[in-house]
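Quick notes on the structure that follows.
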Amino acid sequence: MTDTIDAASAENPTEVRVVDFLAEPPAAVWRALTTPELLAEWLMPNDFAPVVGHRFHFSTEPIPPTRFSGVIACEVLELREPELLVISWADDSEENDMATTVTFRLEAHDGGTRLTVVQAGYRAGHSGDQMARRIMGGGWGGRIVPRLKEVLGREVLGREAR
């Protein structure tokens, strides 16, 4: 579980916000955020490139009851190494019109990195968006960021063994 989940996001129906401390410095976290092979290990298979304007996809298992196709169409909207990555995030299916942005903010903190992940743009009155928000709220803090920590740990151990 993450060290800190911003309780305000539970009250804000338009976003999911997770704040966590990672023991590695921002440069290492940035590498895990922007290297397609590492990104696939902790998030999803992808064709990401760290270039503003680059359109790419994440792919995973579809969830038919939620109208989630399993393919997420994204675009790199903003990139400031090693502190900020903003991507668009929308289902690639015409049946699901939810469109959000995901912001990764990295700040050097206590020899490591304070990572803030915000997925914003959920429609407050839209039942599909709110179901996705609940799912992603548990996903970012409960599974995704912890997997990022595991990947970072393996990367650090791998470099130390060389």
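The values are calculated or read from the model by the stated rules, or taken from the named source; none is laboratory data. Keep in mind that this is a model prediction, so the values were computed, not measured. For neighbour counting, all protein chains shown are included, and Cβ atoms are generated from backbone atoms with ideal geometry for every residue, glycine included. Only protein heavy atoms, including side chains, enter the accessible area calculation; ligands, DNA and RNA are left aside. Shrake-Rupley method; radii C 1.70, N 1.55, O 1.52, S 1.80 Å.
Each Lys or Arg adds one and each Asp or Glu takes one away; over the other residues whose Cβ falls under 12 Å from the Cβ of M131, this sums to +3.
If R0 is 22 Å, the Cβ-Cβ spacing of S93 and T116 corresponds to a FRET efficiency of close to 0.15. Each Lys or Arg adds one and each Asp or Glu takes one away; over the other residues whose Cβ falls under 13 Å from the Cβ of C74, this sums to -4. Within the chain, what's the longest stretch lacking GluC sites (Glu not before Pro) that sit in DSSP loops with no more than 11 other Cβ atoms inside 10 Å? Longest gap between qualifying sites, sites excluded: 1-93.
Find the accessible area per residue for the stretch 46-87; the probe is 1.4 Å, ligands and nucleic acids are left out, and the unit is Å². Working shown, then result.
Working: 2310 Å² over 42 residues.
Using a 1.4 Å probe on heavy atoms only, each residue of the stretch 46-87 averages 55 Å².
Of the candidates T35, T103, T66, which one comes out as most mobile in a Gaussian network treatment of the chain with C-alpha springs shorter than 10 Å? Top of the fluctuation ranking is T66.
Relative to the longest principal axis of the Cα atoms of the chain, the long axis of helix 145-161 makes an angle of roughly 20 degrees. For the chain, a Gaussian network of Cα nodes joined below 10 Å ranks H126, H57, H109 by mean-square fluctuation, and the top entry is H126.
Stretching the chain fully between T14 and E83 yields a gain of 22.5 nm (0.36 nm per residue, less the alpha carbon separation). Counting Lys and Arg as +1 and Asp and Glu as -1 over every other residue whose Cβ lies under 13 Å from the Cβ of N46, the net charge comes to -4.
Each principal axis of the stretch 93-160 carries a Cα extent, and these read 48, 22, 19 Å when sorted largest first.
Could you size up the charge dipole of the stretch 90-162 around its Cα centre, putting +1 on the beta carbon of Lys and Arg and -1 on that of Asp and Glu, and report it in debye to the nearest 20?
440
Only Cα pairs under 8 Å and 6+ residues apart enter the sum, and on that basis the relative contact order of the chain stands at 26 percent.
Of all the Cα-Cα pairs you can form in the chain, what percent are over 20 Å apart?
Numbers: 6445 of 13041 pairs.
Looking at the chain, the distances longer than 20 Å represent 49 percent of pairs.
The stretch between A27 and V51 holds 6.9 nm of extra length on full extension. This uses 0.36 nm per residue minus the Cα-Cα distance.
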